[in-house]
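> First the structure, then my questions, so here it is.
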Amino acid sequence: MRVSIVVAMTIALAAVAGVGAQTTPSQPSAAAPSGNADEGKKLFLSYGCYQCHGREAQGSNATGPRLGPKPIAFTAFNRYVRRPTGQMPPYTVKVVSDADVAHIYAYVQSRSTPPAAQSIPLLREP
């Protein structure tokens, strides 16, 4: 009985943490495995991630959320890749290895922050 309560509470906390992580970007987790951003870029393109999230992981209101440059914590990122909600297909370990997810995460982390709109002359009000 006690074990099932602990398991239920752990699942509930993980679900709440996952929801918060999806809506509020956080600093990348220190537990994130090391990955290679160059390899991650190749994988991001080959797996078709760019089709919804853009080539720079910038996202779009019409297709998929922004992923970078400050992605959600790796554990939440990995969990969502494996068991997404909405229209994203699941990328199981049989499809994308754990090492490949780490490379893709490294690529998303490596994206630079876009310039402020006020710094772009064409976007300034006259």
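Taken together, the values in this text are just the output of simple stated rules run on the coordinates, not laboratory data. What you see is a predicted model; the values in this text were computed from it and never measured. All Cβ positions, glycine included, derive from the backbone under ideal geometry; neighbour counts span all protein chains shown.
> Describe numerically, in nm with one decimal, the distance between label points set 7 Å from Cα along Cα→Cβ at residue 62 and at residue 125.
The two pseudo-label positions are separated by 2.7 nm.
> Work out how much length residue 55 to residue 75 would gain on full extension: take 0.36 nm times their residue separation and subtract the Cα-Cα distance, in nm to one decimal. Kindly include the intermediate steps, with their values, before the conclusion.
On the way: separation 20, 0.36 × 20 = 7.20 nm, distance 2.26 nm.
Between residue 55 and residue 75, full extension yields 4.9 nm more.
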